[in-house]
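The values are calculated or read from the model by the stated rules, or taken from the named source; none is laboratory data. These numbers were taken from a predicted model, which means no experiment stands behind them. Here the Cβ is made from the backbone with ideal geometry for all residues, glycine too, and neighbour counts use every protein chain on show. For accessibility, only protein heavy atoms count, side chains too; no ligands or nucleic acids. Shrake-Rupley method; radii C 1.70, N 1.55, O 1.52, S 1.80 Å.
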There are 2 protein chains.
Amino acid sequence: MGELADAATVADRVFDSLCDAIVSGKIAAGSKISEPELAKRFDVSRASLREAIGRLEACNLVNRRPRVGARVVELSLHELLEIYRVREALEGMAARLAAEFMSDKELNDLKALLEDELQLDSGNSNHDFHYAIVQGSQNRRLSHLLCDDLYHLMRMYRYQLGRDSGRASTASKEHGLILDALQDRDGEMAELLMRRHIRKSRAYIEKMIMPRSQGD
Amino acid sequence: MGELADAATVADRVFDSLCDAIVSGKIAAGSKISEPELAKRFDVSRASLREAIGRLEACNLVNRRPRVGARVVELSLHELLEIYRVREALEGMAARLAAEFMSDKELNDLKALLEDELQLDSGNSNHDFHYAIVQGSQNRRLSHLLCDDLYHLMRMYRYQLGRDSGRASTASKEHGLILDALQDRDGEMAELLMRRHIRKSRAYIEKMIMPRSQGD
DNA sequence: TCAATCTAGATTGTCGACAATTACCCATCT
DNA sequence: AGATGGGTAATTGTCGACAATCTAGATTGA
């Protein structure tokens, strides 16, 4: 997953840099993407830069209007809650399929990951857990939607709104229950628990950050 | 939904034409996308054409390899079955949300649509039913994934593999049950029925066309 | 003083051209 | 004969330039 590693083409390198800058907030949300300015900064032609912008649009990181230009997407709580609905549906299905297709070894590795998480108290393995299950679904279309179309956007929200550390410990317990269902090869239960897990995260966000309701 | 209508930009027009040609099979699946050839045929520069190809890639209609070129995607039964898993998850969620958010008028209109479908025996309103529910979910991210990222690809499969006419009448009955659940404002039931509906379509495809299993 | 209009600047979409890489074809060798 | 290597042609990625459009600021009028 090392993105900045090898860039087969100039546009790839520019895309990686821009993607990282937008997700991390170095390029502010809502700000304009000036083609001449960025072309100078990266020392590339506008053609390569426009290619990169096109891919940013495909990742839902920028909005483009013809003859006007591209702007970094505005992050609204409303849209974040929408994304959680999609995640609930998609990752729930992923869990169901993972119960069928993940190997015993993969499940044991995942169990080790969870135990490390409990010991080290490092909440950032949260993402790894979900990622492993999505990959375990062995459904390329599913992992494409989750890991290409929504991944960067979710990462951007996490950067912008800060970590949901308040739920880290309860989330770990829920991860454990999901893993148990996977090892029981109980796809229906795995889906049910995964959906409830994501729904709880959504409710947590709704209650914690909704009071200062921005946007629509 | 008239795509070929207004093209704000040249690349838009080329994209619409190419998208239609690929979906309908006028450009064969697996065939190469030659930039010089198509640029001449559409009488546009390669820059505009490459912009269009980039969007085709975002729609999952072509695969691109750097320094090699773009090819129209190959349709495998395996991938079609994958898509049906995604649809099951996403449209199931859409039905749940539609039970909450669709207005009484929208539901009545949908009922009229179904009755027309029964009388006219026109199976092509199948798509309209699903489309209406997706829109009724009032979740822009959800409808974006379904109507932009997967729509053209599903249409391409329908063109290529022919219509699943064998299930038209039973599908209509299932649509009726889903609508009843929606009018009862029973989101849980609507989701359950929608998922079962799509799962049945998937099983039908698996049994009917799987014997001559092509691809992986 | 505020609104509407016009002008100037900047930006986007589009175009043609060039270099590097790839694919294809033919000759050569085992 | 089949596989391997070299050479040529074509294609892709990249670049700079131009025209049409949009944005912003100044100007004019009420």
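Summary table below
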{"quantity": "Among A:Leu161, A:Leu97, A:Leu193, residue whose mean-square fluctuation peaks in a GNM of chain A (springs only between Cα atoms under 10 Å)", "calculated": "A:Leu161"}
{"quantity": "The protein assembly as shown - convex hull of the alpha-carbon atoms, volume per residue in Å³", "calculated": "167"}
{"quantity": "Number of partner chain Cβ atoms within 10 Å, mean per residue of A:65-72", "calculated": "1"}
{"quantity": "Region B:33-49 - phi-based ³J(HN,Hα) in whole Hz, Karplus 6.51/-1.76/1.60, Gly and Pro as x", "calculated": "9, 8, 5, x, 5, 5, 4, 5, 4, 8, 6, 9, 6, 5, 4, 5, 5"}
{"quantity": "Distances in nm from A:Glu106 to the matching label points in the other copies, shortest first (labels 7 Å along Cα to Cβ)", "calculated": "3.7"}
{"quantity": "Peptide B:135-146, shielding by other chains (average Cβ, 10 Å cutoff)", "calculated": "4"}
{"quantity": "Cα shape, region B:34-73, gyration tensor, a/c 1.5 rule", "calculated": "prolate"}
{"quantity": "Largest-first principal axis extents, alpha carbons of region A:4-132, Å", "calculated": "52, 35, 29"}
{"quantity": "Size-normalised alpha-carbon gyration radius of region B:2-72, reference 2.2 N^0.38 Å", "calculated": "1.01"}
{"quantity": "Highest-fluctuation residue, A:His175, A:His127, A:His197 considered, GNM on chain A with Cα pairs under 10 Å", "calculated": "A:His127"}
{"quantity": "Average accessible area per residue (Å²) across the protein assembly as shown - probe 1.4 Å, nucleic acids and ligands excluded", "calculated": "51"}
{"quantity": "Spin-label pair A:Ala203/B:Arg196, simplified geometry with 7 Å Cα→Cβ offset, distance in nm", "calculated": "2.7"}
{"quantity": "Kirkwood-type radius of region A:123-202, with distances r between different C-alpha atoms, in Å", "calculated": "13.5"}
{"quantity": "Acute angle (nearest 10 degrees) that the helix A:10-24 long axis makes with the longest principal axis of chain A, alpha-carbon atoms", "calculated": "60"}
{"quantity": "Listed residues A:Gly166, A:Gly25, A:Gly92, most fluctuating in chain A (Gaussian network, C-alpha, under 10 Å)", "calculated": "A:Gly166"}
{"quantity": "Radius, Kirkwood style, for region B:87-153 when every pair of distinct Cα atoms is counted (Å)", "calculated": "12.3"}
{"quantity": "Label spacing, shortest first and in nm, from A:Ala8 to its equivalents in the remaining copies (7 angstrom along Cα→Cβ)", "calculated": "3.0"}
{"quantity": "Heavy-atom accessible surface of region A:77-215: percent carbon and sulfur, 1.4 Å", "calculated": "49"}
{"quantity": "In Hz, Karplus ³J(HN,Hα) per residue of region A:185-190 (6.51, -1.76, 1.60; θ = phi - 60°; x = Gly, Pro)", "calculated": "6, 9, x, 4, 5, 4"}
{"quantity": "Whole-number percent relative contact order across chain B, with pairs defined as alpha carbons under 8 Å at least 6 apart", "calculated": "27"}
{"quantity": "Global geometry of chain A, whether rounded, prolate or oblate, following the gyration tensor of its Cα atoms and the 1.5 cut on a/c", "calculated": "prolate"}
{"quantity": "Inter-probe distance in nm under a simple model that places probes 7 Å from Cα toward Cβ, at B:Gln119 and A:Arg140", "calculated": "4.6"}
